[in-house]
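Heads up, the thing below is written out as structure tokens.
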Amino acid sequence: MDGKYETIIIGGGVVGNGIAYHLSERYKEGVLVLDKKYPLSGTSGSTQAWVWVHNKTPSWYAELNYYSAELYPYLSKKIGDVEYKRTGGLSPFFQEKDKEKALYLAESYEKIGIKIKVLSKEEVLVKEQCINPKVVGATYSSIDGNVNPFRLIDRYMRSAKKNNVEYSTYNKVTDIKKQDGQYIIVSDKKNYMCKNLILAGGTWSNELGNMLGINIPIYQLRGQILVSEPLKPFLRHTVSGLRQANNGEVLMGYSMEKKGFNRSTTLDVIQETANMAVHYVPSLRKAKIVRAFSGIRAMPEDGFPILGTVPGFENLYVAATHSGVTLSPLIGTLITELILDGETSFPIDNYSISRFN
Amino acid sequence: MDTDVLIIGAGPAGIVAAIETASKGLNVTIIDESNLLGGQLRQQTQMLQSLPSPYQSMRGFELAQDLTNQLTQFPIRYLLEHRIIGIYANGSLGITDELNVFPIMAKKIIVATGATENAISFPKWTLPGIMTIGAAQTLVNRDFVIPGKSAVIVGSTDFAMDIIHQLIDVGINIKGIIEQQPTIQAREMKKVNELYDIGLPFYVNASIKEARGIGEVKEVDIQLQDRVFTEYVDLVLVDGGRSPILDLFYQLNCSFGFGDKLGGWVPSYNQSFQTSVNDVFIAGNATGISVHGALLITGKIAATSVCEELEVLSREEAEKQSAELWKELESREYTDVFQERIKHIESYKSPMLKNQFIS
């Protein structure tokens with residue numbers, strides 16, 4: 001089967017690998033993943049890796065995240081320990097007027113069955129003692145948490161490979177053509193042919209779409225993250241912009257900048273980030289920062305995932321989204337269903353690429 | 001804070017660059033993380049040969065003193081015990097004294113961050129008592145601490161030979177010099193022969209198989225081609241050569257090339273010692289590991305280029321001065337190192353690593 005595959009996935013990030021693994025659970029032949037560099041060299045390897053539901057709006061988008069987060073414990077059982085921790089998520093606020101917004105959020109989530117609590121100042125400080133005592137309150141969601149992205153993708157890949165998924169890395173796709181009901185993928189290494197094609201190029205989705213004349217409106221949004229020295233475990237929750245990893249390092253990041261594919265860090269943002277972190281957790285003032293890095297988010301034009309089939313293109317699927325870590329188990333499941341069953345167990349009409357023109 | 005020239009690193013190359021630029025009337029700031037000027041020279045008691053004119057042969061700390069004295073003639077701003085921790089979006093550098101962070105905007109930057117020693121690893125190489133040979137020199141000459149009573153040395157560069165002499169002078173018993181290669185790496189055979197003559201055993205094609213000890217090194221197994229034997233020592237000094245310190249160049253988004261004889265990865269630079277980033281120049285061991293004389297000359301060339309760009313030196317004068325300095329560099333530096341430097345410069349336009357921040 002030289003160069004011929006049933007299904008090719010372009011992009012070996014958390015989304016592409018999530019699809020590859022879930023597909024391989026049911027379908028053990030002829031799946032190839034192509035990556036222009038190597039899995040984890042892009043967005044998926046430079047993230048805080050929250051599994052985060054709460055304060056995503058509107059509620060139908062929160063619901064998608066919720067169902068995906070619900071899949072994580074089960075996923076860990078199938079692919080192995082990915083250091084998934086359901087720490088609970090805390091979004092503190094410092095102004096009285098934010099309380100109303102919080103209550104409204106809680107109410108709208110209630111309708112779809114996601115429980116978030118609006119905590120008083122005292123309740124926040126009982127839950128998380130290190131938060132700035134000037135806090136007015138917080139929203140709290142028990143389903144939020146985080147995962148080790150390196151383990152997650154490594155485990156996805158190992159499990160997919162066990163199920164005969166093939167990988168070709170450092171292999172950039174340079175052109176895609178349609179021919180006799182098949183897709184021809186032209187890459188640095190060679191040409192491939194497949195029936196089903198999945199575009200999971202993350203930040204590069206736009207370029208991939210252009211090869212087929214499709215508009216996949218994804219732009220790049222840089223985030224700079226600071227890493228502290230390993231500190232003794234003190235931060236119990238995933239807090240807005242902050243989390244403590246298993247090794248004690250605290251990751252801090254809030255920034256969003258449109259800088260294309262430039263992954264440098266700037267001291268301006270590093271200082272802002274440090275100030276924000278100290279504002280939330282004053283004891284971080286004493287922590288030493290050991291490094292800073294940037295990651296490039298794949299951000300859809302309207303902020304919502306682009307998922308599913310592409311009108312006018314048979315057997316072509318797109319999966320391009322922000323929050324790939326949170327959403328990967330569900331996206332993997334849904335795209336697999338779409339390919340093998342022709343329909344999904346959860347409606348994804350809201351996420352169709354047809355909403356853009 | 002603004003400055004015409006910001007010099008990063010107050011070792012020999014940085015100081016020479018500061019003297020050259022300040023003497024032309026430029027506003028110069030020099031920053032170093034240490035509390036004193038002179039860099040590694042301060043603990044170097046070995047005689048430095050082949051220094052460029054007007055310097056006579058002298059010991060490292062004497063050269064540090066000589067250079068520091070020359071600096072006092074000029075109104076230079078010193079930022080000692082300061083470090084650079086990042087780059088602002090507008091190109092100014094973020095400096096810290098551990099308490100505050102402030103920006104410096106420099107018209108030109110000369111980075112002279114020097115080199116770092118490479119370690120050699122083997123099982124249990126992290127036991128206390130095992131350190132780089134430069135660390136032992138610092139303990140003896142700067143801190144007046146004897147790091148151990150009896151030692152084996154792993155590696156055999158010129159730098160190691162110099163320091164072994166100093167260690168013997170302070171009463172450390174050297175039990176052997178272990179070299180993995182089939183030949184001794186040092187080029188100055190005189191120093192090697194002196195050590196031979198006092199009966200020091202040299203082992204080539206040899207390595208440390210394992211170190212042992214609880215809480216500190218007590219013994220090492222030495223692997224020769226045909227046998228293994230054990231030496232009882234409380235000190236193992238590793239000499240894995242030196243490599244340029246690159247962190248700041250990386251942050252500044254400079255391009256890099258690779259040269260074995262220069263110490264590995266080296267920032268790309270042209271004949272003016274200008275890096276791939278327009279206003280950033282390079283000097284000293286960061287340009288490739290070389291002899292002391294060469295370090296001073298690279299500092300002068302970089303400073304000459306900066307003076308020309310800031311129009312305190314005419315183009316003709318700068319070119320003439322540079323050409324002379326390059327000739328002197330060629331005469332002071334080991335031929336193979338100089339040739340690799342030239343090769344490195346030729347690859348300036350097509351570096352091996354560039355745009356490291358573009359994904």
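Just one of the numbered conditions (1) in contact with a strand residue (DSSP E or B) (Cβ under 8 Å, 6 or more places away or on another chain); (2) free of Cβ contacts under 8 Å to residues at least 40 places away in the same chain is not true of B:Gln46: (2).
In summary, helices (runs of 4 or more DSSP H) completely within segment B:143-258 and bearing 3 or more residues that are open to solvent by 30 Å² or more (accessible area, probe 1.4 Å) and over 30 Å from B:Phe357 (Cβ atoms) occur at B:158-169, B:189-197.
Looking only at residues of segment B:316-359 that are closer than 28 Å to B:Gln251 by Cβ and of a type in the set (A, V, I, L, M), we find that the one that is nearest to the other protein chains (Cβ to nearest Cβ) is B:Ile358. Every condition in (1) away from chain B (no Cβ under 12 Å); (2) open to solvent by 10 Å² or more (accessible area, probe 1.4 Å); (3) at pLDDT 95 or above holds for A:Leu327 except the one numbered (2).
Residues are listed down the side, and each one gets a yes or a no for (1) within 14 Å of chain B (Cβ to nearest Cβ); (2) in a helix (DSSP H, G or I); (3) basic (Lys, Arg):
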| residue | (1), (2), (3) |
| --- | --- |
| A:Asn17 | no, yes, no |
| A:Glu29 | no, no, no |
| A:Val33 | no, no, no |
| A:Lys36 | yes, no, yes |
| A:Gln48 | no, no, no |
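Among residues belonging to segment A:251-292 that are away from chain B (no Cβ under 13 Å) and in contact with a helix residue (DSSP H, G or I) (Cβ under 7 Å, 6 or more places away or on another chain), point out the one that is surrounded by the most Cβ atoms within 10 Å (Cβ to Cβ). Selected residue: A:Met252. Can you confirm whether A:Ile296 is closer than 23 Å to A:Leu221 by Cβ, in contact with a Lys or Arg (Cβ under 7 Å, 6 or more places away or on another chain), touching a residue at least 60 places away in the same chain (Cβ under 8 Å) and within 12 Å of chain B (Cβ to nearest Cβ)? For A:Ile296, the condition - closer than 23 Å to A:Leu221 by Cβ, in contact with a Lys or Arg (Cβ under 7 Å, 6 or more places away or on another chain), touching a residue at least 60 places away in the same chain (Cβ under 8 Å) and within 12 Å of chain B (Cβ to nearest Cβ) - is met.
Residues satisfying the criterion are present in segment A:207-226 (criterion: within 14 Å of chain B (Cβ to nearest Cβ), free of Cβ contacts under 8 Å to residues at least 40 places away in the same chain and surrounded by fewer than 22 Cβ atoms within 10 Å (Cβ to Cβ)). Beta carbons closer than 7 Å, at least 6 apart along the sequence or on distinct chains, pair a first residue in segment B:85-103 that is without any contact (Cβ under 8 Å) to a residue 60 or more places away in the chain and more than 7 Å from chain A (Cβ to nearest Cβ) with a second that is open to solvent by 50 Å² or more (accessible area, probe 1.4 Å) and of a type in the set (Lys, Arg) for B:Thr96/B:Arg83.
The residue of segment A:124-139 that is surrounded by the most Cβ atoms within 10 Å (Cβ to Cβ), among those that are touching a residue at least 60 places away in the same chain (Cβ under 8 Å) and not in a loop (DSSP other than H, G, I, E, B), is A:Thr139. Tallying residues that are open to solvent by less than 60 Å² (accessible area, probe 1.4 Å) and part of a loop (DSSP other than H, G, I, E, B) within segment A:141-169 yields 7.
A quick yes/no check of all residues on (1) among the hydrophobic types (A, V, I, L, M, F, W, C); (2) assigned by TED's automatic domain parsing to the domain that holds A:His322; (3) in contact with a Leu (Cβ under 7 Å, 6 or more places away or on another chain):
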residue: A:Ser187; (1), (2), (3): no, yes, yes
residue: A:Lys190; (1), (2), (3): no, yes, no
residue: A:Met193; (1), (2), (3): yes, yes, no
residue: A:Ile198; (1), (2), (3): yes, yes, no
residue: A:Thr203; (1), (2), (3): no, yes, no
residue: A:Leu226; (1), (2), (3): yes, no, no
residue: A:Glu229; (1), (2), (3): no, no, no
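Conditions (1) hydroxyl-bearing (Ser, Thr, Tyr); (2) in a loop (DSSP other than H, G, I, E, B); (3) out of contact with any Pro (no Cβ under 7 Å at 6 or more places or on another chain), marked per residue:
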site: A:His54; (1), (2), (3): no, yes, yes
site: A:Tyr61; (1), (2), (3): yes, no, yes
site: A:Tyr72; (1), (2), (3): yes, no, no
site: A:Leu75; (1), (2), (3): no, no, no
site: A:Val82; (1), (2), (3): no, yes, yes
site: A:Pro92; (1), (2), (3): no, no, yes
site: A:Glu96; (1), (2), (3): no, yes, yes
site: A:Ala102; (1), (2), (3): no, no, yes
site: A:Tyr109; (1), (2), (3): yes, no, yes
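Every condition in (1) in a strand (DSSP E or B); (2) out of contact with any strand residue (DSSP E or B) (no Cβ under 8 Å at 6 or more places or on another chain) holds for B:Asn69 except the one numbered (1).
Is it true that A:Ser44 is modelled with pLDDT of 95 or more, of a type in the set (S, T, N, Q), under 19 Å from A:Asn196 (Cα atoms) and in a helix (DSSP H, G or I)? For A:Ser44, the condition - modelled with pLDDT of 95 or more, of a type in the set (S, T, N, Q), under 19 Å from A:Asn196 (Cα atoms) and in a helix (DSSP H, G or I) - is not met.
The values are calculated or read from the model by the stated rules, or taken from the named source; none is laboratory data. These numbers were taken from a predicted model, which means no experiment stands behind them. We place every Cβ from the backbone using ideal geometry, glycine too, and count neighbours over all the protein chains shown. Surface areas here come from the heavy atoms of the whole protein model, side chains and all, with no ligands, DNA or RNA. Shrake-Rupley method; radii C 1.70, N 1.55, O 1.52, S 1.80 Å.
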